Amino acid sequence: MAEQPSTPVPPPLPANVQPSVAPAPQSQRGSRKTRVGEVISSGMNRTIVVRTVTRVPHAKFGKIVKQQKKFYAHDEENKAKNGDTVRIMETRPLSKLKRWRLVEIVGK
């Protein structure tokens with residue numbers, strides 16, 4: 001007696017149908033943080049310094065206080081100038097301090 005395979009074998013695909021190999025969607029890569037802030041320095045070549053202001057409640061007293069933080073961001077075309085409001089996005093390390101890149105200039 002010949003043994004039957006325990007699992008059924010699927011029929012072969014027709015010659016004109018290719019198996020679909022889609023690239024991984026962007027959501028699998030993980031979402032990247034974005035910040036909106038004001039450019040406070042654009043004197044360096046292809047680098048801007050962006051100050052973001054976040055409003056958070058004080059840990060003990062609960063009063064809303066402003067927290068300021070500076071980010072060094074990569075500006076490939078040197079478009080952003082002092083005083084511009086920009087959106088920056090997290091990226092791989094580009095230098096000792098730069099971990100962000102310019103996405104768009106929101107306002108002048």
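The values are calculated or read from the model by the stated rules, or taken from the named source; none is laboratory data. Quick caveat, the model's predicted, so the values are computed rather than measured. FYI the Cβ positions are ideal-geometry reconstructions off the backbone, even for glycines, and counts take in every protein chain you see. Note: areas computed on protein heavy atoms with side chains; ligands, DNA, RNA excluded. Shrake-Rupley method; radii C 1.70, N 1.55, O 1.52, S 1.80 Å.
Values as computed for the structure displayed
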| read-out | value |
| --- | --- |
| Candidate set from region 91-103 (those that are under 12 Å from the mean Cα position of the chain (by Cα) and open to solvent by less than 60 Å² (accessible area, probe 1.4 Å)); member that is farthest from residue 72 (Cα to Cα) | 91 |
| Residues being polar (S, T, N, Q) and open to solvent by less than 80 Å² (accessible area, probe 1.4 Å) - total across region 79-90 | 1 |
| Region 37-69, subset polar (S, T, N, Q) and free of Cβ contacts under 8 Å to residues at least 24 places away in the same chain, residue nearest to residue 101 (Cα to Cα) | 52 |
| Residue ID - most open to solvent (accessible area, probe 1.4 Å), chosen from residues in region 60-78 that are of a type in the set (Phe, Trp, Tyr) and closer than 25 Å to residue 92 by Cα | 72 |
| Among residues of region 19-59, those that are more than 18 Å from the chain's Cα centre (by Cα), more than 19 Å from residue 87 (Cα to Cα) and either open to solvent by less than 100 Å² (accessible area, probe 1.4 Å) or at pLDDT 95 or above (or both), counted | 6 |
| Test: residue in region 63-73 that is at pLDDT 95 or above, on the phi < 0 side of the Ramachandran plot and outside any strand (DSSP E or B) | yes |
